[in-house]
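The values are calculated or read from the model by the stated rules, or taken from the named source; none is laboratory data. Quick caveat: nothing in here was measured; it's all calculated off a predicted structure. Positions of Cβ are generated from backbone atoms using ideal geometry, with glycine treated the same way; all protein chains shown enter the neighbour counts.
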């Protein structure tokens, strides 16, 4: 053994491999930087990592046959003649098998869409396969959380949804989409399901990640334990604890924690607004909005939902999303004049919402005003940019159902 070690050092194999490892790490870091900076395919980092590992035998052979001081032998050894091409061929085959079907180009695409006014515009959008599909489940209420505050368990994932859709790399699967899977398995209030079941439901809607946690009251402050799991195997992508007295301030912290867990990096041109600016500054208005959302989802109580949404918009006359929901359900109850007033109020305050969320309000507005062509144009643009957005698909379904299509 000592002779082998001595020979390795004479041929400078450890030195060469150390240099190779350092250079490989530098290359990987550079590629990772380029992926984040220029929005390239995240698969590129893995391609480089796997390729450099597979080429390790080549680095070893070059060191073994050429690392010894002095002049190299004139004829290349048979082992090297066969080994180097074989290693390169193996590397190419493995990379093809692992990444042959992956998109290794840009993570974005440029599309031409037509607005409801007929104007053609070019927009850069993230490709669907690079969006992080994440199932947002209600939090589990802790022992210290009073029954009157159970609504906060539903409020957190809803607020995270709105907070993170400013980033095109994030694709939320909202609680209302997951509710059917939970309810048909016996969880009528959507609470208490084990992680294994949540992962199963998440996979049914093709989510890659699951965001779960618990909310509690400790010494008058909220304490939230948040975890992001891989839907496939349950492994933890990130876990954090957040404490504070303001729920939406905690949501801002949780959104950032989820972004980190999913590997979504901040970049130029992406707004990171406090969620209270997107939803509402008024805690009581937020409570009314959340209770309205789940009055429909959990109890099919449309009248109760309308009452809650009315309370929310009365407390905060700029609460855009509450106006949108109020308009939607008033129209369902055949109260068109009230519905039109609500959606017009939402349009006045449209600037509060991220671009992706504005599609919902604009679609609802044109449906309320009877401008079917404009509604269809908005839906077409929305689905062109976000073909897997469940809100867009739901809106399209409602529009087609309205016209008997």
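Note on the stretch 335-361: among residues that are in contact with a helix residue (DSSP H, G or I) (Cβ under 6 Å, 6 or more places away or on another chain) and touching a residue at least 60 places away in the same chain (Cβ under 8 Å), the one that is surrounded by the most Cβ atoms within 10 Å (Cβ to Cβ) is 353. Within the stretch 204-245, being in a loop (DSSP other than H, G, I, E, B), touching a strand residue (DSSP E or B) at 6+ places or on another chain (Cβ under 8 Å) and farther than 16 Å from residue 193 by Cα holds for 205, 206, 207, 208, 235, 245. Considering only residues of the stretch 40-57 that are without any contact (Cβ under 8 Å) to a residue 40 or more places away in the chain, in contact with a helix residue (DSSP H, G or I) (Cβ under 7 Å, 6 or more places away or on another chain) and in a helix (DSSP H, G or I), which is farthest from residue 96 (Cα to Cα)? My answer is 57. I need the full set of residues from the stretch 280-309 which are farther than 30 Å from residue 184 by Cα and out of contact with any helix residue (DSSP H, G or I) (no Cβ under 6 Å at 6 or more places or on another chain), in order please. Selection gives 281, 283. Just one residue in the set 258, 201 is in a helix (DSSP H, G or I) and in contact with a helix residue (DSSP H, G or I) (Cβ under 6 Å, 6 or more places away or on another chain); that residue is 201. Inside the stretch 149-177, residues that are modelled with pLDDT of 90 or more and more than 12 Å from the chain's Cα centre (by Cα) make up a count of 11.
Of the candidates 80, 29, 37, the single residue that is in a helix (DSSP H, G or I), modelled with pLDDT under 85 and closer than 19 Å to residue 263 by Cα is 37. Output yes when any residue across the stretch 5-26 is surrounded by 13 or more Cβ atoms within 10 Å (Cβ to Cβ), in the same structural domain as residue 88 (by TED's automatic domain parsing) and not in a helix (DSSP H, G or I), and no when none is. Among the residues of the stretch 5-26, at least one is surrounded by 13 or more Cβ atoms within 10 Å (Cβ to Cβ), in the same structural domain as residue 88 (by TED's automatic domain parsing) and not in a helix (DSSP H, G or I), which makes the answer yes. Scan the stretch 97-107 and tell me whether some residue there is modelled with pLDDT under 90, under 30 Å from residue 351 (Cβ atoms), buried (at least 16 other Cβ atoms within 10 Å of the Cβ) and out of contact with any helix residue (DSSP H, G or I) (no Cβ under 8 Å at 6 or more places or on another chain). No, the stretch 97-107 has no match at all.
Among the residues of this structure, residue 151 does not count as one that is without any contact (Cβ under 8 Å) to a residue 40 or more places away in the chain and out of contact with any strand residue (DSSP E or B) (no Cβ under 7 Å at 6 or more places or on another chain).
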